[in-house]
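Peer 1: So that we are looking at the same thing, I have put the structure below in structure tokens.
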Amino acid sequence: MIKKLIIFFLFALLLLAALGASGAEKQSGKLEITGVPADAATGRYDREAGVFSADVSGIEGALIRVTFEEVTIVGQIMEWRTEDDYLIFTSGAELTKEDFTLTADTVEYFGSENRLQAAGNVVVVTEDATVYSDQLVYNEETDEAVFTGQVKVAFEDGTLEGERFVMFLEKNELQFFGAFQGLFNTERE
Amino acid sequence: MNLSTKAKRLIAAGVVLVGVILFITFRYLATPAPPAVSVPPSVQLVESRLVGRKEGQRQWEIVSRMVLQEGDVVTLSELEEMIVFQDGEPYLSIDTPRAQWQRKQEILHLHGPVLVEGKEGFQLESDFLEWQGRTNMLSSPGPVRIIWRGMEITASEMAMDTEEGVVHLKRDVEIRDEGLVWKLEEVVYNLDAESMDFYGNVLMEEEAGSD
């Protein structure tokens, strides 16, 4: 079981690492805002402050989509501070990369710190499992991904629940903090 | 001379007939000459410096080789210099081959190719521009290209409120700025605040070949 868990988190962290790496290097990104009527206000770019903000939450069917490398983030409210290389999606954001999906109330990317942060109803879905938590922080410098707050890892044959869970990519190490509870179905066909 | 009664009657009838004919001719058929109308002749000036003022302040100054005034329309051709003033100071320099000034309406038409240059490297190119003196609006109903603070902006239509420093750009708007290309449907750009409000769908991509 532990082996399966390690494989899952290695996979997830590889994807997060790819996201971080794409931020560290020069991104070949694209921003699209679609489904907006021609006369409806979409957003504002304050060139002096270097801030682009967009809000299409009041427009049915409208979406903001940011794509860089193989990562796509979709949401309805976003802010991009170009000077700081900081991006935040609020009001239900979804990040996808191949078969990896992260949804959360807010998704932030701190380019200068090589850090990705998701908060509020965090759900990470992969082919093998689904992780639920209140917050996720991935730091490329320290190479650690930290899931905190009501962490629940759901597999096909069981679940793990706890308060804090850290994964180190290069060390192939999983750390469970505090009380963790596992429930697995051991029946075999 | 003794005329018979018959002859006298014939002469009298003839006189009456001639009188009737003359009366009809002059009363109904002959058109009276039109009253004299004062038509000012066209005025053509060569090598002129014209200055437009509003409430005593200079609005514009033009040096033109050829100025033709017909009624309220002043046509300027072979323009050498055209400067638009704001608060009495030179604001825009305009290079255009021909211009028409409708004095009563305070409308200036610039026939292209028109190049407008301002402070901080501001450049505006269009095939036709209209300047409305009453509203301080400079508009291009056709394609326009603007260079401003390192940005290159193109659009199919433009209206600029020169007093407020606000530019409305419409249809196929494209902004190139620091390696990024923005493609937009409509933009309202506040030049002083350096802020842009976007309307409709937006696409932003990295420019090919940028670092």
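The values are calculated or read from the model by the stated rules, or taken from the named source; none is laboratory data. Quick caveat: nothing in here was measured; it's all calculated off a predicted structure. Cβ placement follows ideal geometry from the backbone for every residue including glycine, while neighbour counts extend to all protein chains displayed. Heads up: the accessible areas ignore ligands, DNA and RNA and are worked out on the full protein's heavy atoms, side chains in. Shrake-Rupley method; radii C 1.70, N 1.55, O 1.52, S 1.80 Å.
Peer 1: Kindly provide the set of residues from the range B:161-180 that are facing chain A (nearest Cβ under 10 Å) and either open to solvent by less than 20 Å² (accessible area, probe 1.4 Å) or not charged (D, E, K, R) (or both), ordered by number.
Peer 2: B:I175, B:D177, B:G179, B:L180
Peer 1: Looking only at residues that are of a type outside the set (A, V, I, L, M, F, W, C) and more than 8 Å from chain A (Cβ to nearest Cβ) in the range B:181-211, which one is farthest from A:D55 (Cα to Cα)? Before you say what the answer is, go through the steps one by one.
Peer 2: Going through the range B:181-211, the residues of a type outside the set (A, V, I, L, M, F, W, C) turn out to be B:183, B:185-186, B:189-190, B:192, B:194-195, B:197, B:199-201, B:205-207, B:209-211.
From what's left, more than 8 Å from chain A (Cβ to nearest Cβ): B:183, B:189-190, B:192, B:207, B:209-210.
Working: B:K183: 17, B:Y189: 18, B:N190: 20, B:D192: 24, B:E207: 24, B:G209: 30, B:S210: 28 Å.
So, considering only residues that are of a type outside the set (A, V, I, L, M, F, W, C) and more than 8 Å from chain A (Cβ to nearest Cβ), the one farthest from A:D55 (Cα to Cα) is B:G209.
One line per residue, one yes/no per condition, for (1) within 17 Å of A:E32 (Cα to Cα); (2) surrounded by 16 or more Cβ atoms within 10 Å (Cβ to Cβ):
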{"site": "B:T154", "(1), (2)": "no, yes"}
{"site": "B:K183", "(1), (2)": "yes, no"}
{"site": "B:V188", "(1), (2)": "no, yes"}
{"site": "B:D192", "(1), (2)": "no, no"}
{"site": "B:Y199", "(1), (2)": "yes, yes"}
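Peer 1: Quick check on my filter: what residues within the range B:84-105 are under 8 Å from the mean Cα position of the chain (by Cα) and within 21 Å of B:G56 (Cβ to Cβ)? Spell out the reasoning first.
Peer 2: To start, the set of residues in the range B:84-105 that are under 8 Å from the mean Cα position of the chain (by Cα) comprises B:99-102.
If the condition is that a residue be under 8 Å from the mean Cα position of the chain (by Cα) and within 21 Å of B:G56 (Cβ to Cβ), then B:W101 is the only one that fits.
Peer 1: Next question, about the same structure. Which of the numbered conditions does B:Y91 fail, given that it passes all the others? Conditions: (1) in contact (Cβ under 8 Å) with a residue 40 or more places away in the chain; (2) over 14 Å from B:M160 (Cα atoms); (3) in contact with a strand residue (DSSP E or B) (Cβ under 9 Å, 6 or more places away or on another chain); (4) not aliphatic (A, V, I, L, M).
Peer 2: It is condition (2) that B:Y91 fails.
Peer 1: Also, I was wondering about something else. Does A:A145 qualify as being crowded, with 18+ Cβ neighbours inside 10 Å and not basic (K, R)? So that I can check it myself, show each step before the final result.
Peer 2: Details: crowded, with 18+ Cβ neighbours inside 10 Å: yes; not basic (K, R): yes.
Here the answer is yes, as A:A145 does meet what is asked.
Peer 1: While we're looking at this one, here's another question. Looking for whichever is open to solvent by 40 Å² or more (accessible area, probe 1.4 Å), within 13 Å of the chain's Cα centre (by Cα) and without any contact (Cβ under 8 Å) to a residue 60 or more places away in the chain here; the options are A:E83, A:E94, A:E60, A:E108. Which one fits?
Peer 2: On the way: A:E83 fails: within 13 Å of the chain's Cα centre (by Cα); A:E60 fails: within 13 Å of the chain's Cα centre (by Cα); A:E108 fails: open to solvent by 40 Å² or more (accessible area, probe 1.4 Å).
That would be A:E94, the only listed residue that is open to solvent by 40 Å² or more (accessible area, probe 1.4 Å), within 13 Å of the chain's Cα centre (by Cα) and without any contact (Cβ under 8 Å) to a residue 60 or more places away in the chain.
Peer 1: Of the numbered conditions (1) more than 10 Å from chain A (Cβ to nearest Cβ); (2) under 26 Å from B:D87 (Cβ atoms); (3) open to solvent by 40 Å² or more (accessible area, probe 1.4 Å), B:P143 satisfies every one except a single condition; which is it?
Peer 2: With (1) more than 10 Å from chain A (Cβ to nearest Cβ); (2) under 26 Å from B:D87 (Cβ atoms); (3) open to solvent by 40 Å² or more (accessible area, probe 1.4 Å) applied to B:P143, the lone miss is (2).
Peer 1: Continuing with this model, one more query. For the range B:106-201, give me every one of the strands (runs of 3 or more DSSP E) that falls completely inside it and has 1 or more residues that are closer than 30 Å to A:G29 by Cβ.
Peer 2: By residue number, B:123-132, B:144-148, B:151-155, B:157-161, B:166-177, B:180-190.
Peer 1: Let me ask something additional. Filter the range B:71-101 down to the residues that are assigned to a strand (DSSP E or B), open to solvent by 50 Å² or more (accessible area, probe 1.4 Å) and touching a Pro at 6+ places or on another chain (Cβ under 9 Å) and list them by number.
Peer 2: The answer is B:E78, B:D95.
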